[in-house]
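The values are calculated or read from the model by the stated rules, or taken from the named source; none is laboratory data. What you see is a predicted model; the values in this text were computed from it and never measured. Don't worry about glycine lacking a Cβ; one is built from the backbone with ideal geometry, like all the others, and counts go over all protein chains shown. Each accessible area value is taken on the protein alone, full model and side chains, heavy atoms only, with ligands, DNA and RNA left out. Shrake-Rupley method; radii C 1.70, N 1.55, O 1.52, S 1.80 Å.
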Amino acid sequence: MDGGHGRVRKAPLSTRTLHEPVEVALLGRLRRGVVERIRADDGAVVGEPGPGTRIAVVTNKITVDDAMLDALPSLELVASYGVGLDHVDLDAAAARGVTVSHTPGVLDDCVADLAVGALLDVRRRISAGDRHVRSGAWTAGDPYPLGRRLSGTRVGILGLGRIGAAVARRLDAFWCEVGYHSRRRVEGSLYRYASSPLELATWADSLVVTVPGGPGTTAMVDAEVLDALGPNGYLVNVARGTVVDESALVHALKDGRIAGAALDTYLDEPYVPAALLEREDVVLLPHMGSATEETRAAMDDLLVANVEDWLRHGRARTPWVAAAP
């Protein structure tokens, strides 16, 4: 298979067992047996990939760093499954002329649905109410604490990209006043702009985190931002666990400095701090933002399309493009 390059080269490398339809598609469309594998346990790569490998197919559990790139001198494409690329050293890949692709656009709606659902859940105590009924506390006459309304409140969105904008559109239906912070103002947006996460949290009743992971956003939601959100404020994180200072969040909840949190991502997944597991004011989800049949099928198709387009035409369908400074 020459992929338009005029000579046969080694096949793609898959660094982890992927969603079954992806495995089937890669094997079926690229000829059975041509996809090499190295296993990964807890994010650690085991085994030596072949030096002639052209394409690495990865999930966010695999770190693509200098060491991996050095082991793959013929690498042309890192095809990542998902939209976030904080597991890929993008500068190192660019320095070697390696293209990085991902699967943006196809998961925005489902992640936004979950974000708003999680916000409604934590404010109205829906999951906690379910546990109250199942435990028999309701029939025993135990009083159930009041929640807080979502409609008409101020919601700050940290990162008004594709997913953040989709969250904002949904909040319009709740008559919420929406504000946002991004690295720069979003042209044409009618939503309130805050110049910093701190300013946004000070204004908002709830803060929804949708920024990408990576060094530029690590611990962006820190103790100061949580204190600004205040004892009646709620945090929702559907971005990356690294964006929130997890220790600061635990202490803010314990001390009553914020009212509650809904989390779909964590610092050391799948491990969740024991202090969060014990709390009724926290909604805990298993990183399920894109976990619908429709979205995962679309992600599968786009991942395979990136691999196939590279092999056939020497370009990826959805390459990562650096944002303007």
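Taking each residue of segment 159-177 that is on the phi > 0 side of the Ramachandran plot and modelled with pLDDT of 95 or more and looking for partners that are surrounded by fewer than 21 Cβ atoms within 10 Å (Cβ to Cβ) and of a type in the set (G, A, S) with beta-carbon atoms closer than 8 Å, six or more apart or interchain, yields G159/S182; W175/S151; W175/G152.
Would it be correct to say that I157 is in a helix (DSSP H, G or I), touching a helix residue (DSSP H, G or I) at 6+ places or on another chain (Cβ under 9 Å) and either surrounded by 16 or more Cβ atoms within 10 Å (Cβ to Cβ) or among the acidic types (D, E) (or both)? So I157 fails the test. Scanning segment 299-314 for residues that are more than 16 Å from G84 (Cβ to Cβ), in contact (Cβ under 8 Å) with a residue 24 or more places away in the chain and not acidic (D, E) gives V304, V307, W310, L311, R312, H313, G314. Within segment 101-135, being part of a helix (DSSP H, G or I) and among the polar types (S, T, N, Q) holds for one residue alone: S127.
Could you check segment 298-321 and list, in sequence order, the residues that are in a helix (DSSP H, G or I), buried (at least 21 other Cβ atoms within 10 Å of the Cβ) and touching a helix residue (DSSP H, G or I) at 6+ places or on another chain (Cβ under 8 Å)? D300, L303, V304, V307, listed by residue number.
Quick grid of which residues meet (1) out of contact with any Asp or Glu (no Cβ under 8 Å at 6 or more places or on another chain); (2) assigned to a helix (DSSP H, G or I); (3) of a type in the set (S, T, N, Q):
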{"site": "T242", "(1), (2), (3)": "no, yes, yes"}
{"site": "H251", "(1), (2), (3)": "yes, yes, no"}
{"site": "A262", "(1), (2), (3)": "no, no, no"}
{"site": "T265", "(1), (2), (3)": "yes, no, yes"}
{"site": "M288", "(1), (2), (3)": "no, no, no"}
{"site": "R296", "(1), (2), (3)": "yes, yes, no"}
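When R185 is tested against the conditions (1) part of a loop (DSSP other than H, G, I, E, B); (2) out of contact with any Phe, Trp or Tyr (no Cβ under 7 Å at 6 or more places or on another chain); (3) among the basic types (K, R), the lone failure is (2). Against the list (1) in contact with a Leu (Cβ under 6 Å, 6 or more places away or on another chain); (2) at pLDDT below 95, the condition R123 fails is (2). Selection of first residues in segment 208-235 that are part of a strand (DSSP E or B) and open to solvent by 10 Å² or more (accessible area, probe 1.4 Å) and of second residues that are modelled with pLDDT of 95 or more and not hydrophobic (A, V, I, L, M, F, W, C), restricted to Cβ pairs under 8 Å at least 6 apart or on distinct chains, gives the following pairs, ordered by first then second residue: Y234/R123; Y234/R148; Y234/D205; Y234/S206; Y234/G260.
Return the residue satisfying two criteria in turn: it lies in segment 160-182 and is among the hydrophobic types (A, V, I, L, M, F, W, C) and part of a loop (DSSP other than H, G, I, E, B), and of such residues it is most open to solvent (accessible area, probe 1.4 Å). The selected residue is W175. Note on segment 269-291: residues that are over 19 Å from S206 (Cα atoms), open to solvent by less than 90 Å² (accessible area, probe 1.4 Å) and within 14 Å of the chain's Cα centre (by Cα) amount to 5.
Annotation for segment 237-252: at least one member residue is free of Cβ contacts under 8 Å to residues at least 40 places away in the same chain, surrounded by fewer than 16 Cβ atoms within 10 Å (Cβ to Cβ), within 15 Å of A219 (Cβ to Cβ) and not charged (D, E, K, R). Against the list (1) within 19 Å of A165 (Cβ to Cβ); (2) in contact with a Pro (Cβ under 8 Å, 6 or more places away or on another chain); (3) not in a loop (DSSP other than H, G, I, E, B), the condition A79 fails is (1).
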